[in-house]
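A.B. asks: Sharing a structure with you now.
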Amino acid sequence: QVQLVESGGGLVQAGGSLRLSCAASGRTFSTTSMGWFRQAPGKEREFVAAITWSGSGTYYADSVKGRFTISRDNAKNTVYLQMKSLKPEDTAVYYCAAGTNSYNVRAGMVGSWGQGTQVTVSS
């Protein structure tokens, strides 16, 4: 199983940018699909983005398409979420997730979750 630790969250003004990182431990990272989810106060956790083990396939929620970019560096066992043009509605705790394939990750069927990192976007 993969252990995940997120970092990079913080407070940013609307229109600003942040890059989240998720460091993974475990030998299987390079063959594991990864994803990002978020949960705003009073709302259910929702899918944000996913990436295949090779990085050749990426998937996004409609609400972030064109503003967020998911990427990974298998040599560093790290997956990233570059967020641009942030909006107040992007405010949430962001979670990193690992799954057997990108379809399962997108569906929330993941084997590992990180502890989450807070992103707050002020208007």
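The values are calculated or read from the model by the stated rules, or taken from the named source; none is laboratory data. It should be emphasised that the depicted structure is a prediction, and the values quoted were computed from it without experimental measurement. Ideal geometry is used to build each Cβ from the backbone, glycine not excepted, and the neighbour counts take in all protein chains shown. Accessible surface areas use protein heavy atoms only, side chains included; no ligands, DNA or RNA. Shrake-Rupley method; radii C 1.70, N 1.55, O 1.52, S 1.80 Å.
A.B. asks: Please go through the stretch 30-53 and give me each residue that is in contact (Cβ under 8 Å) with a residue 60 or more places away in the chain and closer than 15 Å to VAL79 by Cβ, ordered by number.
C.D. replies: Within the stretch 30-53, THR32, SER33, MET34, GLY35, TRP36, PHE37, ARG38, PHE47 qualify.
A.B. asks: Return yes when TYR103 is among the hydroxyl-bearing types (Ser, Thr, Tyr), within 26 Å of VAL12 (Cβ to Cβ) and open to solvent by 30 Å² or more (accessible area, probe 1.4 Å) and no when it is not.
C.D. replies: On the way: among the hydroxyl-bearing types (Ser, Thr, Tyr): yes; within 26 Å of VAL12 (Cβ to Cβ): no; open to solvent by 30 Å² or more (accessible area, probe 1.4 Å): yes.
No.
A.B. asks: Take the stretch 16-39 and flag every residue that is closer than 15 Å to SER102 by Cβ and under 13 Å from the mean Cα position of the chain (by Cα).
C.D. replies: SER33, MET34, GLY35, TRP36, PHE37
A.B. asks: Here's a follow-up. Restricting to the stretch 58-81, and then to whatever is assigned to a strand (DSSP E or B) and among the aliphatic types (A, V, I, L, M), can you tell me which residue is farthest from CYS96 (Cα to Cα)?
C.D. replies: So, considering only residues that are assigned to a strand (DSSP E or B) and among the aliphatic types (A, V, I, L, M), the one farthest from CYS96 (Cα to Cα) is ILE70.
A.B. asks: For the stretch 82-100, give me each residue that is open to solvent by less than 20 Å² (accessible area, probe 1.4 Å) and either part of a strand (DSSP E or B) or in contact with a His (Cβ under 9 Å, 6 or more places away or on another chain) (or both). Talk me through it step by step, then tell me what you get.
C.D. replies: Of the stretch 82-100, the ones open to solvent by less than 20 Å² (accessible area, probe 1.4 Å) are 83, 86, 90, 92, 94, 96-99.
Correct list: MET83, ALA92, TYR94, CYS96, ALA97, ALA98, GLY99.
A.B. asks: Just name the residue that is modelled with the lowest pLDDT out of those in the stretch 45-54 that are surrounded by 15 or more Cβ atoms within 10 Å (Cβ to Cβ) and part of a loop (DSSP other than H, G, I, E, B). Let's see the steps before the verdict.
C.D. replies: Residues of the stretch 45-54 surrounded by 15 or more Cβ atoms within 10 Å (Cβ to Cβ): 45, 47-53.
Narrowing further to those that are part of a loop (DSSP other than H, G, I, E, B): 45, 52-53.
Details: ARG45: 96, THR52: 96, TRP53: 93.
So, considering only residues that are surrounded by 15 or more Cβ atoms within 10 Å (Cβ to Cβ) and part of a loop (DSSP other than H, G, I, E, B), the one modelled with the lowest pLDDT is TRP53.
A.B. asks: Would you tally the residues in the stretch 64-84 being in contact (Cβ under 8 Å) with a residue 12 or more places away in the chain and either under 12 Å from the mean Cα position of the chain (by Cα) or under 21 Å from GLN118 (Cα atoms) (or both)?
C.D. replies: Final tally of qualifying residues: 14.
A.B. asks: When only residues in the stretch 1-29 that are among the small types (Gly, Ala, Ser) and under 16 Å from ILE70 (Cβ atoms) count, which is surrounded by the most Cβ atoms within 10 Å (Cβ to Cβ)? Walk me through how you get there before you give the answer.
C.D. replies: Residues of the stretch 1-29 among the small types (Gly, Ala, Ser): 7-10, 14-17, 21, 23-26.
Next, only the ones that are under 16 Å from ILE70 (Cβ atoms) stay: 7-9, 17, 21, 23-24.
Values: SER7: 14, GLY8: 16, GLY9: 17, SER17: 11, SER21: 17, ALA23: 16, ALA24: 23.
Filtering first and then ranking leaves ALA24.
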